[in-house]
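The values are calculated or read from the model by the stated rules, or taken from the named source; none is laboratory data. As the structure is a prediction and not an experimental result, all values here were calculated from the model. All Cβ positions, even for glycine, are placed from backbone atoms using ideal geometry, and neighbour counts span all protein chains on display.
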Amino acid sequence: MIKKELQNKLNWLIGITLNINLLFFSNQAKAFIPNIYIPSQKLLTETSLGIGFSAAKYIQFGQTKEAISLAKLAISLNPKLAENWIILSQAQASNNLLKEALKSINKAKGINPNIAEIWFSQASIEMQMGKTEAAIKSINKNIRINKKNANSYFLLGNARLMQKEHRLAIKAFKTSVIIDPNLWQSTNNEALIYFELGEKEKAIQKWRKVLKIKADPEPKLALAIALYSMEASNKESIQLAKEALQENPNYFFEEFQAEQLWGDKLRQSGKNLFKNPKLKDVITTASANSNFTNEKDQ
């Protein structure tokens, strides 16, 4: 939420904008407002920060189109504030406007290339574009500026995972967890690798650890699949699978699983679990409640 002072200034700016519009559309208004008050640069900068903050919040809430408009407004008030260009880039990337997002990041770099978030955002965009090696170079620049950001190592781990550089990915995920033990996504993705390497017991141990931090449907279903692959009569696996698919039906679909960086072995083992008749009802519901489709019946 914008601080009250910034909110008041934003409301004031909107009022000024409305008055300016009146001048354009009504000649008579000039008789009542002969001069337009131009706000100071300091006030414009503060207002720009507030609007940029609002744009970031809109991204958080998934309202990315609105975020683009707000970020552009913030930039129009203060084009020399690198943070607003970063926010615009993130909003554009969320709308899959990747080329535009890179242009915005380049604008931010032109202002101050030593902001760690610039390189993090660039790496995220490059990964979306499939430029994994470029993304690794960008995230390494980010880490050189800020070595204590757990999310940076998580992103690096994902890039290495995409390259199937499993040991390097594990190293990055472990570093991420050392910095922030509650970043469960790093431990979850570490478990994904162990499963692909055939180290199922270690993967199960990691997923159980994740569920103590966050009862998210992804580790629930991954754990269910791992347990079922070791013992088809495991009752816990069926219960976990039901819970996970009820919470997020997308995990039934291979396309979505692949987007979450699930490996071939985990996806194949998932197919075997989904054949269990005890999951028929929940799978039928999942299929009806998702936009994804599987190429073949599972």
Checklist entry - Name the helices (runs of 4 or more DSSP H) wholly within region 161-230 that hold at least 1 residues that are loosely packed, with under 15 Cβ neighbours inside 10 Å and not acidic (Asp, Glu)? => result 166-179, 200-213, 217-230
Checklist entry - Given the conditions (1) closer than 20 Å to Lys174 by Cα; (2) assigned to a loop (DSSP other than H, G, I, E, B); (3) basic (Lys, Arg), and given that Lys141 satisfies all but one, which numbered condition is not satisfied? => result (2)
Next on the checklist: Of everything in region 125-138, what is closer than 14 Å to Glu100 by Cα and in a helix (DSSP H, G or I)? Give them in sequence order.
Outcome noted: Ile125, Glu126, Gln128
Next on the checklist: Just to be sure I understand, how many residues within region 215-255 are aromatic (Phe, Trp, Tyr) and farther than 15 Å from Ile283 by Cα?
Outcome noted: 1
Next on the checklist: Based on this model, can you work out whether Leu88 counts as part of a helix (DSSP H, G or I) and either modelled with pLDDT under 90 or touching a strand residue (DSSP E or B) at 6+ places or on another chain (Cβ under 6 Å) (or both)?
Outcome noted: no
Item to check | Residue among Ser229, Ser237, Ser287, Ser233 that alone is hydroxyl-bearing (Ser, Thr, Tyr), under 26 Å from Asn158 (Cβ atoms) and outside the structural domain of Asn158 (by TED's automatic domain parsing) | outcome: Ser229
Checklist entry - Do you know which residues across region 48-89 are closer than 17 Å to Lys109 by Cα, polar (S, T, N, Q) and under 15 Å from the mean Cα position of the chain (by Cα)? => result Ser89
Checklist entry - Among the residues of region 285-295, is any among the polar types (S, T, N, Q), touching a Leu at 6+ places or on another chain (Cβ under 9 Å) and in a loop (DSSP other than H, G, I, E, B)? => result no
Next on the checklist: I need the full set of residues from region 91-110 which are surrounded by fewer than 23 Cβ atoms within 10 Å (Cβ to Cβ) and at pLDDT 95 or above, in order please.
Outcome noted: Leu97, Leu98, Lys99, Glu100, Leu102, Lys103, Asn106, Lys107, Lys109, Gly110
